[in-house]
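Encoded as structure tokens, the structure appears first; notes follow it.
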Amino acid sequence: MPPPGIEVSAADRAELETAIAQLGKEIEDLREVLKKKPTLLELLPDVQIFHNAARYALQYNEFFKPEEIATAKRQLKQGMERAAELRAGKASWTTQTGLIVRGYVSEVDGSVQPYGLVVPPTYQPNLPHQYRLDIWFHGRGDTLSEVNFLADRQKNAGQFTPPNTIVLHPYGRYCNANKFAGEVDLFEALAAVRSHYQIDENRISVRGFSMGGAATWQFGVHFAGQWAAIAPGAGFSESAQFLKLKLDGPEAPPWWEQKLFHLYDATDYAANLFNTPLVAYNGENDGQKQAADMMEKALAAEGARLLRIVGPKTGHSYHPDSKVEIDRILDAIAERGRDPYPRELRFTTWTLAYNQMKWVTVDALGQHWERARLNAEIETERSVKVETANVTAFTLDFGAGGCPLALAGKPVVTIDGQKLPVAGPLSDRSWRAHFRRNGNQWAVVESPVTAGLRKVHGLQGPVDDAFLDSFIFVTPTGTPLVAEVGQWVASEQQRAITEWRRHFRGDAQVRKDADITEADIAASNLILWGDPASNKILARIADKLPLKWTAESIVVGDKRFAATTHAPILIFPNPLNPKRYVVLNSGFTFREFDYLNNARQIPKLPDYAVVETTTPPDFRYPGKIVWAGFFNEAWALSAEGQR
């Protein structure tokens, strides 16, 4: 978390407040002026980043050095200069080369998030050339405010600037190792870059060092099929060993938390690195070489060898010679480019949150948080072999020009030894086929989606998953069932609002229950605070949730808890719109203790929990967790998923 800032003099504060107000007014005026000029209006975030940076720093006491105040004043002037260009129908920064800062509007909370670019001197916007893109994840810096990020991104080209390559530097919503909303930030920033620059989809690589190395490991294994190359430096690649946690005994993390290690432990997804070139780096004397040590063991268990570049007699930094060698390797890989349709691939996952590898999509699991595998191979032009474990539905999908199967006749897909004839590719050489397992038998199906509630990609939990897409905190306006529990709810809601801004650098959308519209229900996950008596939206759906909550008790399955001293936390498909979530009484689930180390920042609660509210919230939990568990694949309670 950012430390407390320095005192801002009255004169500086007045000057900043005036400039912030002027730029804010200009931004609002431009919304009206550019309404009929959408190509210019969509560039407004490139102005807003400067307004937000100064406003946040002043409002939240995030000036850490005197010179940062002067930097913010310059950035406000830069914002006014860009605003003047937009008003004049221009936007010179969109075609400039060198170090550029830009912004986008996030779907998660409507905030404007910044990103930096290194645009090569060879860039010419009017040419049809598609550019290689390298993504660089930054290291941890508690004082990395928006002011400091924008300043650094306009004076520091970074560790690597390959020729004829655009380098994207995502802010990652501050210093969360690009997890949760920080993970979404990459893909939203990447979408923005794609909309403004011509990017070669087969020459996108991920790189980073220290905390950025940890981000590279997790993006590398979770989305291996999207990258041409993966190049982490130092960092961490899992939680338990890195943090030296005891996994048994009274000091061990709860059982559900240990299961949720599988979300971000890159070691659990090592098999996915068979599909993408990888080169790892660490200094010889760097304690963070542990990340590559762990990944080397995980890859060896899968039968693969890790290429490691080790900086001789080097601590936590890049050795100059190592940088040259890494660049040589990545340049060669980028020249060849990603193969989107290899004849063979391997895929493993523990959750449908990460369910795709190139031409394979896993659509359903036998059980979440247990390892699932799917290996697929085009054996001949008429046969495909698939082997699965803990997978109950999947799709094979080749885009236009991608399928190597023969046009004539029906190819045979052999799944776990069972042969299934399927329709062949279309004339454009595209091909898609869906398969579902019923009992021990596989079948070709028209759609991987089944009737009724099922855990699917983007709707699989746990609680924290609701904060990876548009969400609204819904404030209760009625009288709570129990006054003391209502006080706990109000305190936890306020904490969630405050901590969202501190940790993920945006303002959560907050609305009263009476103000929620059908459009909100259609577009957003609803975070419902309160109980069925105090929250109007919760009252509408209470009888459709897998618990019963009255003034006397909270009933979860065969467990009953006194409503006078307990409250439920839960994530579930919204009965008013099953394509979105509802969450009861929780923001993101890791707390202050976990801010100390990014490796601790994983989900701390599963799909549901019951909190004893008489135990005061602390720096780890919102109270005493007396019951918790995971819903099964049909979003139902099950004995296997709770304790």
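The values are calculated or read from the model by the stated rules, or taken from the named source; none is laboratory data. Here the structure is a predicted model, which means the values were calculated and not measured. Virtual Cβ from ideal backbone geometry, glycine too; neighbours counted across all protein chains shown. Each accessible area value is taken on the protein alone, full model and side chains, heavy atoms only, with ligands, DNA and RNA left out. Shrake-Rupley method; radii C 1.70, N 1.55, O 1.52, S 1.80 Å.
Structure above, values below:
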item: Residue-normalised accessible area of the chain, expressed per residue, 1.4 Å probe, Å²; result: 40 Å²
item: Label-point separation, Arg432 to Val33 (7 Å along Cα→Cβ), nm; result: 4.4 nm
item: Relative contact order (percent, whole number), the chain, Cα cutoff 8 Å, 6+ residue spacing; result: 9 percent
item: Thr94 accessible area, assembled protein chains, probe 1.4 Å, Å²; result: 30 Å²
item: Scattering curve values for the stretch 1-154, log₁₀ I(q)/I(0), Debye with Cα scatterers, q = 0.12, 0.14, 0.19, 0.21 Å⁻¹; result: -0.55, -0.75, -1.26, -1.42
item: Integer Hz, Karplus 6.51/-1.76/1.60 couplings in order for the stretch 343-358, x for Gly and Pro; result: 6, 9, 8, 10, 9, 9, 7, 10, 7, 6, 4, 10, 10, 9, 9, 6
item: At R0 = 30 Å, FRET efficiency that the Cβ-Cβ distance of Gln198 and Asp327 yields, to 0.05; result: 0.85
item: Label-point gap, in nm, between Asp618 and Arg502 - each point 7 angstrom along Cα→Cβ; result: 1.7 nm
item: Heavy-atom accessible surface of the chain: percent carbon and sulfur, 1.4 Å; result: 51 percent
item: Hydrodynamic radius by Kirkwood, which averages 1/r over all alpha carbon pairs of the chain, in angstrom; result: 26.4 Å
item: Placed amide H near Arg132: partners under 5 Å, 5+ positions off or other chain; result: Ile166, Asp200
item: Calculated on alpha-carbon atoms, Rg and Dmax of the stretch 214-271 in Å; result: 13.1, 44
item: Violating pairs (Cα-Cα greater than 27 angstrom) within the set Lys246/Lys559; Lys179/Lys297; Lys410/Lys455; Lys244/Lys604; Lys73/Lys512; Lys297/Lys419; result: Lys246/Lys559; Lys410/Lys455; Lys73/Lys512; Lys297/Lys419
item: Per-residue SASA entry for Tyr56, accessible area with 1.4 Å probe, Å² rounded to 10; result: 10 Å²
item: Interchain or long-range residues, amide H under 5 Å from Trp529's placed H; result: Val474, Asn585
item: Estimated distance in nm for a label pair at Ala490 and Glu302, the labels positioned 7 Å out from Cα along Cα-to-Cβ; result: 5.1 nm
item: Extension reserve of the Arg643-Asn156 stretch, reckoned as 0.36 nm per residue once the Cα distance is removed; result: 170.2 nm
item: Reachable lysines from Lys35, criterion Cα separation under 19 angstrom, eight or more residues apart if same chain; result: Lys25, Lys90
item: Beta bridges by DSSP in the chain, antiparallel share as percent, to the nearest 5; result: 65 percent
item: Karplus (6.51, -1.76, 1.60) ³J(HN,Hα), θ = phi - 60°, over the stretch 475-489, in Hz, Gly and Pro reported as x; result: 7, x, 10, x, 8, x, 4, 10, 4, 5, 5, x, 5, 4, 4
item: Amide H contacts of Leu420 (H built 1.01 Å from N, under 5 Å, at least 5 apart or other chain); result: Val413, Thr414, Ile415
item: For the chain, calculated [θ]222 nm from helices alone, where every DSSP H run of n ≥ 4 adds -39500 (n - 2.57); result: -9000 deg cm²/dmol
item: 21 Å Cα-Cα reach of Lys313 towards lysines, excluding residues that sit fewer than 8 places from it in its own chain; result: Lys289, Lys323
item: Computed FRET value (nearest 0.05) for Ser447 with Glu81, which takes r as the C-beta separation and R₀ as 60 Å; result: 0.70
